[in-house]
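The values are calculated or read from the model by the stated rules, or taken from the named source; none is laboratory data. As the structure is a computational prediction, the values presented were derived from the model and not from experiment. So basically every Cβ, Gly included, is an ideal-geometry build from the backbone, and we count neighbours across all protein chains shown.
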Amino acid sequence: EPAPVLVEREGGVLVVTLNRPDKLNSFNEAMHAALREAMDIAESDAEIRCVLLTGAGRGFCAGQDLSDRVTAPGDAPPDLTRTIEANYNPLLRRLKALPKPVVCAVNGVAAGAGANIALACDIVLAAESAKFIQAFSKIGLVPDSGGTWSLPRLVGLARAKALALLATPVPARQAEEWGMIWKALPDGELMGEARRLAGELAAAPTFGLGLVKQALEASFGNDLDTQLDLERDLQGLAGRSPDYAEGVAAFMAKRAPSFTGR
Ligand code: T3D
């Protein structure tokens, strides 16, 4: 069996490719395990300053591999509490907590957990042929992988409810228009642009970008006073970073900055 997740280093970018193309990169236990290992590298390797997540073949990710969930009459139902707790929730928490930007290049259909994992990334690019489907309701499930949290925030409650109840596919262009994703791109341009963007982020002041991400994610749970306090505290940290000193020095010297990520 080929590796269910491909992990490549391209400079400071960790390119993570979901790789079960015959199954539209749907998740089985082996793919979850391989993605955990990729996240271990993303978290622990200081040379890695940006993650680029994408899928092999014509799809991005079709969510859970449903062939692992087939039951015969009389069988105990699968324990989805366990698999969410063991697999999907930790992945979501790690993507959100990673103090480095995660770019998602949605190369094709993103369905179920696959859609919501994409939407959890920091900058989402999608091929024009890609679509996002909250497929859960078609099989009697609830949007997971943060979908019930991210969708209302990204597109509002009216659209979130219709998408989740009807499982209506959202084409990439519409996703961009609705503010669900950053950009839809012609299919042939997706990976080039995603690599360029990830490379740009990997050369940026990583420590500061991690704080930016933290502040924006925290804003949904905070009132303005709390958020202003958080900004003060994070700015205090940013202000002590070597990259901030470099940024100011480079600006004053009218030269390009050379950031180390610290
Ligand atoms: O169980 C838990 O752990 C709880 C967590 C749940 C998280 C979830 O993600 S639940 C939602 C699971 N996903 C879905 O319900 C989506 C199922 N897939 C589809 O609806 C369609 O495949 C797509 C809309 C994504 C794409 O449609 P299309 O027409 O482009 O492709 P296709 O022909 O349906 O799929 C191509 C092949 O991939 C096909 O196999 P075959 O016939 O060529 O051998 C198809 O069966 C397979 N495939 C696609 N999605 C899945 C899958 N096989 C297993 N599981 C899948 N999710």
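Take the residues in the stretch 128-143 that are crowded, with 24+ Cβ neighbours inside 10 Å and closer than 17 Å to W182 by Cα; name whichever of them is farthest from the chain's Cα centre (by Cα).
Applying the filter and picking the extreme gives A130.
Can we say R58 is within 22 Å of G192 (Cβ to Cβ) and either modelled with pLDDT under 95 or within 14 Å of the ligand (Cβ to nearest atom) (or both)?
Spelling it out, R58 is indeed within 22 Å of G192 (Cβ to Cβ) and either modelled with pLDDT under 95 or within 14 Å of the ligand (Cβ to nearest atom) (or both).
Tell me, please, whether a residue that is touching a residue at least 40 places away in the same chain (Cβ under 8 Å), within 11 Å of the ligand (Cβ to nearest atom) and polar (S, T, N, Q) can be found in the stretch 74-84.
no
Scan the stretch 107-128 and report the pairs whose first residue is β-branched (V, I, T) and whose second residue is more than 9 Å from the ligand (Cβ to nearest atom), with Cβ atoms within less than 6 Å and a gap of 6+ or a chain change.
What qualifies is I123/V103; I123/W182; V124/C104; V124/A118; V124/I181; V124/W182.
Within the stretch 73-100, can you find the residues that are under 14 Å from N116 (Cβ atoms) and of a type in the set (A, V, I, L, M, F, W, C)?
Within the stretch 73-100, I84, L91, L92, L95 qualify.
Quick one: count up the residues across the stretch 5-26 that are surrounded by fewer than 21 Cβ atoms within 10 Å (Cβ to Cβ), over 17 Å from the mean Cα position of the chain (by Cα) and within 16 Å of the ligand (Cβ to nearest atom).
So the count comes out to 3.
Report every pair of residues separated by at least 6 positions or lying on different chains whose Cβ atoms are under 7 Å apart, first residue within the stretch 158-170 and over 14 Å from G63 (Cβ atoms), second charged (D, E, K, R).
Sorted first by the residue in the stretch 158-170, then by its partner, the pairs are V170/K131.
Determine whether the stretch 214-234 contains at least one residue that is in a loop (DSSP other than H, G, I, E, B) and surrounded by 17 or more Cβ atoms within 10 Å (Cβ to Cβ).
no
Let me spell it out: the conditions are (1) loosely packed, with under 15 Cβ neighbours inside 10 Å; (2) closer than 17 Å to L190 by Cβ, and C121 meets all of them except one. Which number is the exception?
For C121, the exception is condition (1).
Only one of E29, E10 is out of contact with any strand residue (DSSP E or B) (no Cβ under 7 Å at 6 or more places or on another chain), modelled with pLDDT of 95 or more and under 30 Å from A215 (Cα atoms); which?
Selected residue: E10, the only one of E29, E10 that is out of contact with any strand residue (DSSP E or B) (no Cβ under 7 Å at 6 or more places or on another chain), modelled with pLDDT of 95 or more and under 30 Å from A215 (Cα atoms).
When the residues of the stretch 34-54 are filtered to those that are small (G, A, S) and out of contact with any strand residue (DSSP E or B) (no Cβ under 9 Å at 6 or more places or on another chain), which remaining residue is surrounded by the most Cβ atoms within 10 Å (Cβ to Cβ)?
A46
Any residue in the stretch 14-30 that's in the same structural domain as L80 (by TED's automatic domain parsing): show its pairings with residues that are modelled with pLDDT under 95 and not acidic (D, E) at Cβ separation under 7 Å, as long as the two are six or more apart or on different chains.
N19/P2
Out of L98, L66, L91, I need the residue that is within 16 Å of the ligand (Cβ to nearest atom), out of contact with any His (no Cβ under 6 Å at 6 or more places or on another chain), of a type outside the set (D, E) and under 26 Å from T206 (Cα atoms). Which one?
Result: L91 is the single residue among L98, L66, L91 that is within 16 Å of the ligand (Cβ to nearest atom), out of contact with any His (no Cβ under 6 Å at 6 or more places or on another chain), of a type outside the set (D, E) and under 26 Å from T206 (Cα atoms).
Quick test for you: out of G146, G156, pick the one residue that is surrounded by fewer than 24 Cβ atoms within 10 Å (Cβ to Cβ) and within 13 Å of the ligand (Cβ to nearest atom).
G146
Taking the options G108, G114, name whichever one is touching a Lys or Arg at 6+ places or on another chain (Cβ under 6 Å), near the ligand (Cβ under 9 Å from one of its atoms) and either closer than 25 Å to E37 by Cβ or among the charged types (D, E, K, R) (or both).
Criteria check complete, one pass: G108.
Given the criteria among the acidic types (D, E) and modelled with pLDDT of 95 or more, does E1 qualify?
Here the answer is no, as E1 does not meet what is asked.
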